[in-house]
Structure formats: C-alpha cells, structure tokens
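Let me begin by presenting the structure, written as structure tokens, before commenting on it.
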Amino acid sequence: AQKITQTQPGMFVQEKEAVTLDCTYDTSDQSYGLFWYKQPSSGEMIFLIYQGSYDEQNATEGRYSLNFQKARKSANLVISASQLGDSAMYFCAMRDFATDSWGKLQFGAGTQVVVTP
Amino acid sequence: DVKVTQSSRYLVKRTGEKVFLECVQDMDHENMFWYRQDPGLGLRLIYFSYDVKMKEKGDIPEGYSVSREKKERFSLILESASTNQTSMYLCASSLSGLAGVWELFFGEGSRLTVL
C-alpha cells in the first residue's frame, strides 16, 4: 500500500524567505507521479507542481521547486521568496501509474504554512 | 476555464437524514472522485467513477454511496448521516490516460455538519 508522510503539521516563515515542506512516500512501484497542492483558507485545492518518477530533472514552476530524491523516496517542496498569499495548507500526493488508470491520488496529512510580515 | 462546481458550500443535517452532495464538471472529464478531508488525516478517497454508471470504492466507502447518471455529474449520498461523517467533502475530476500530469481539478468543497 502506498503511503505519503508529511511530518510538519505547521510552519511559520517570514516574508521573502524560502521554506521547505517535507514529503516522503512509500511505494514498491517504479512508475509513479508526485503532486503538490495548495489549499488556501477558502477551501479550493490548487495544483502547484508535478514530478514524474522517471524525470531526470527536478520540477520547477515559478517560485515552486521540487527537491526530488528518488533513492530516499522524498519529494520536498521549496517555496522561494515567500509571500503573504502563500499562507495555506499544502498537500503532497502520489499517483501510482502501475496500478491506476484513472488518476487516483493518495494524499499526505498536509502542512499548514503561515507567512508572517 | 476549468470548473468543478459543488452545489452546497455549507450544510447542516441531523443524524439519520439522507444527504446528497452534488458535483458538476464542465471539462468533459471521464473520471470523477469524492474525497473526504479531516484535520491530521489529509484527503481520503471515498468513491470514484471512470464512466457513466461506473463506480469503484475508494479507501473509506462505508456509509456512503454514489451515483453517476450523466458524464458531468457525480453525486455522493449519505443514506443515514451520522455525526462521524461531519467533514469537508471535496469533489474532483480528471482526464483518463496513462502516465502524465493528469492532475485532479477540485471543487471548492462542501462542509457538512451532522448534529
């Protein structure tokens, strides 16, 4: 069974600083994808970034980058130059391509980020 | 623009009531999902559907059923609501396909309180 672990329930970060959100995953399959979502207090889930297990380069999307360490089964999200609008809950999720044809995601418990001025 | 719409943002129901949560997507996606979100547990999959009238159980289907009579609409049904079903419910949709960035598109969520 897959499992996603986010060990940081909450974090404070100062505006303009970088923050790293930890995510480790457990799977015995070789083909999978890792996703990060942001959930502001309004409730909607916003897709941020994706990393495929066979991607050689770490994914980047604007201020978001993914520190993918396959051997350690970790996929940490790095947010650079934090802004007040980055305050939200962040979820790491995984899709197992070997067993799933429909797009099911398994989610971690989430990390609440609060950006302070 | 991609849109998943959940009919109710906030509901308050009584124990034993039948509850319908409706979800509509306008992206012609084949797959639709219902997740439940609880603090400290993240999102857990209740049911999903990969085609009209087709459904599959997720990780926590007990106490729930679903209906998909049209491609764009996926309903979650609580036959007899209980207090432990108080939660945030999130609907999502996605395209079908093999490996790729088939991210889920989510609705804004329905916060259900069962008294």
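The values are calculated or read from the model by the stated rules, or taken from the named source; none is laboratory data. Being a predicted model, the structure only gives us computed values, none of them experimental. Using ideal geometry, Cβ is built from the backbone for each residue, glycine included, and neighbour counts are taken over all protein chains shown. Surface accessibility is based on the protein's heavy atoms, side chains included, excluding ligands, DNA and RNA. Shrake-Rupley method; radii C 1.70, N 1.55, O 1.52, S 1.80 Å.
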Checklist entry - at pLDDT below 95, in a strand (DSSP E or B) and among the aromatic types (Phe, Trp, Tyr) - does that describe any residue in segment B:65-75? => result no
Next on the checklist: Out of everything in segment B:30-42 that is open to solvent by less than 10 Å² (accessible area, probe 1.4 Å) and touching a residue at least 12 places away in the same chain (Cβ under 8 Å), what residue ends up being nearest to the other protein chains (Cβ to nearest Cβ)?
Outcome noted: B:Asn31
Checklist outcome for this item: Filtering segment B:1-29 down to residues that are open to solvent by less than 60 Å² (accessible area, probe 1.4 Å) and of a type outside the set (A, V, I, L, M, F, W, C) yields B:Gln6, B:Ser8, B:Lys13, B:Gly16, B:Glu22, B:Gln25, B:His29
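From A:Ala109, A:Ala71, grab the single residue that is of a type in the set (Gly, Ala, Ser) and more than 25 Å from B:Gly107 (Cβ to Cβ).
A:Ala71
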Next on the checklist: Against the conditions (1) more than 8 Å from chain B (Cβ to nearest Cβ); (2) outside any strand (DSSP E or B); (3) touching a strand residue (DSSP E or B) at 6+ places or on another chain (Cβ under 8 Å); (4) among the hydrophobic types (A, V, I, L, M, F, W, C), where does A:Trp102 fall short? Just the number, please.
Outcome noted: (1)
Checklist entry - Would a scan of segment B:47-54 turn up a residue that is free of Cβ contacts under 8 Å to residues at least 12 places away in the same chain and under 24 Å from A:Asp100 (Cα atoms)? => result no
Next on the checklist: If I go through segment B:38-69 residue by residue, how many of them are of a type in the set (Asp, Glu) and under 19 Å from B:Gly109 (Cβ atoms)?
Outcome noted: 2
